[in-house]
Amino acid sequence: MAEGPSKDPSAAWRELVSQWEKNINALANQNMASDEFSSGSNQAMNLALRIQQGMASGMATYLATLNLPSRADITALGERLQAMEAYLSRIAVALEEPARGKSRTRGAPKRSRPPRTKQPPARLP
Amino acid sequence: MSATLGEAPKLQSSIAEQVQSEIERAIRRNIKGLEYVASPAPAVGMTPKDVIYKRGTLNLYHYLPMADEIYRVPILIVMATSNRGYILDLAPGQSFVEFLLRSGYDVYLIDWSPPSPDERRLRFEDYTLDFIPECVRRVRKDSGVKDLTLMGYCMGGVLSVIYVALHPKTQPKNLVCFTTPIDFRAMELFAKWSDRRYFEVDRLVDTTGNVPAELIFTGFEMLRPASRLAGQVTLWENLGNDEFVKSYRMFERWSNDTLPLAGEYFRQTVKDLLWENSLYKGELTIGGKRADLRNITAPILHVVAEHDHIVPHAAARPLIEQVGSAEKEEIMLKGGHISLVAGANAQRRLWPRLDAWLGVRSI
């Protein structure tokens, strides 16, 4: 027996929302695929970036006049600190590894792993 | 037609009942709505794991096995650089990683943290000639097995195929890619928005260092501008359904949790992949070596989504066409870019198909 249109108002509402979503997305995608949109949105972003660059450069000059570090100076310091921390942790690992090896040979518990013997279901007898 | 005298009170009471029921639903919805706002987001990525290696943006996890015996060949998953890996480990019963573990696989995953300011200089060279090879080495050492299955999702798939193309002598036992773009010109909107006539990628990277997460997030959102609002309407309608709300919140949390991208890596993505389409043309050069997809000879499975709005099929299809593998297969499944790998759709469609393909190749 052929089914008639659904009488469930929730289903109709869901269908309406779904159609609205599809239509708006399709329309927006069509517009956003245009040269005008690409050009306009990138112009806006480039303007914002230029302002940001100008502000950063102006602020750096101002901070230098006040004999204060700029954001770039702090970032550079952070980078050097991180590099030193990484170097220290490599030294720590190198120092700890022989000790860890010794403790393992002394019978320290090592997390046991299941055997690598599993066969795919089709291959099982 | 008017109701008869006897039917009128019945009709009135029926209308009253409907009105009452709607009011009760609205009250319940409001209470649930308050709960939604007040309660914390559901926990994600909870499958037990060890962090076996960490270096800056790179994290290598090993998940604790959940089966009594496991396949010989471990899996190394490479997550997309723009998003967190917990999409593959949402919640118990809805986790791809948990599914793999329960099916008897030994699972390792490369997850990315936001790159720090000094990591703005990371390039494809770092990801494919240093990070992935180092993780492969560590997985081999940790598992004690030389073979492994390399599995990449989206840009994680791109990095994986570039890595294999650059290391043809050390092919993985298997290569699995999910919705991996190769022909970047077929990602039409991204290609249009990054049109070299208008998009000043150098200015962006030189100004911001790492490319902010908000910009990446907005790029993804603009592909389907009405979908967030439609999703919220659907959420409102389903506020009484706890499972729906939990699932919605997990996906929403993940999609909002976009990562910034390393500046130089983003510059290369735009110039080499989007502008020159060099991976597709076989002209991508990384560290002086050409990443030729014909160098890939490992058995490969590429799973793509029928309704993928981020990586359309035209962008993903060339992977299987171009690789040199004798054993290669592309499967197209219903779903979108995210529902391909996570959620009820993935659970029903992708996971069993993948297990059927991979199980026989993991011994």
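Backbone N atoms of region B:185-214 closer than 14 Å to the 7 Å Cα→Cβ label point of A:Gln43 belong to residues B:198-199. From helices alone, chain B scores -12000 deg cm²/dmol at 222 nm; the rule is -39500 (n - 2.57) for each run of n ≥ 4 DSSP H residues, then divide by the residue total. Axis angle, to the nearest 10 degrees, between helix B:155-166 and the longest C-alpha principal axis of chain B: 20 degrees. Set the bar at 22 Å for Cα to Cα. Now go through A:Lys118/B:Lys328; B:Lys49/B:Lys173; B:Lys169/B:Lys289; A:Lys118/B:Lys169 and name every pair that lies beyond it. Violating the 22 Å Cα-Cα cut-off are A:Lys118/B:Lys328; B:Lys49/B:Lys173; A:Lys118/B:Lys169. Helix B:132-143 and the long axis of chain B differ in direction by around 80°, with both axes built from C-alpha atoms. For chain B, the longest principal axis of the Cα atoms and the long axis of helix B:7-38 meet at an angle of about 40 degrees.
Of the three principal axes defined by the Cα atoms of region A:12-68, the extents in descending order read 67, 27, 7 Å. Both radii come from the Cα set of the protein assembly as shown: Rg as radius of gyration, Rh as Kirkwood radius; their ratio Rg/Rh reads 1.03.
When the Gaussian network model of chain B links Cα atoms closer than 10 Å, the mean-square fluctuations of B:Ile52, B:Ile27, B:Ile216 top out at B:Ile27.
Label sites at B:Ile27 and B:Met222, each approximated as a point 7 angstrom past Cα along Cα to Cβ, lie 4.7 nm apart. Round to the nearest 0.05 the FRET efficiency obtained for A:Leu81 and A:Ser10 when R0 = 60 Å and r is the Cβ-Cβ distance. In this case the efficiency is close to 0.55. Among B:Glu17, B:Glu306, B:Glu237, the largest mean-square fluctuation in a Gaussian network model of chain B (Cα springs under 10 Å) belongs to B:Glu17. Compared with the direct C-alpha span, the chain from B:Thr234 to B:Lys246 gains 3.0 nm at full extension, assuming 0.36 nm per residue. Extension gain, B:Arg140 to B:Glu329: 0.36 nm times the residue separation minus the Cα-Cα distance gives 65.4 nm. Shape call for region B:49-359 from the C-alpha gyration tensor, a ≥ b ≥ c root eigenvalues: rounded (a/c under 1.5), prolate (a/b greater than b/c) or oblate? Rounded. Listed by chain and number, the aspartates and glutamates whose C-alpha is less than 16 Å from the C-alpha of B:Lys192, apart from same-chain residues fewer than 8 away, are A:Asp35, A:Glu36, B:Asp183, B:Glu200, B:Glu221, B:Asp272, B:Glu276.
Residue by residue, region B:290-302 carries 3J(HN,Hα) couplings of 8, 8, 8, 5, 5, 6, 7, 10, 5, x, 10, 10, 10 Hz when phi is fed to the Karplus relation 6.51 cos²θ - 1.76 cosθ + 1.60 (θ = phi - 60°); x denotes Gly or Pro. Calculated FRET efficiency, B:Asp68 to B:Trp351, Cβ-Cβ distance, R0 = 22 Å: about 0.65 to the nearest 0.05.
Just check region B:254-300 against the gyration tensor rule for me: Cα atoms, a ≥ b ≥ c as the square roots of the eigenvalues, rounded for a/c under 1.5, and otherwise prolate or oblate depending on whether a/b exceeds b/c. It is oblate, given that a/c is not under 1.5 and a/b is not larger than b/c.
Read-outs: derived from the displayed coordinates by stated rules, not from any lab. Since the structure is predicted, the reported quantities are computational estimates derived from the model, not experimental observations. Quick reminder, even Gly has a Cβ in these numbers, built from the backbone with ideal geometry, and neighbours come from all protein chains shown.
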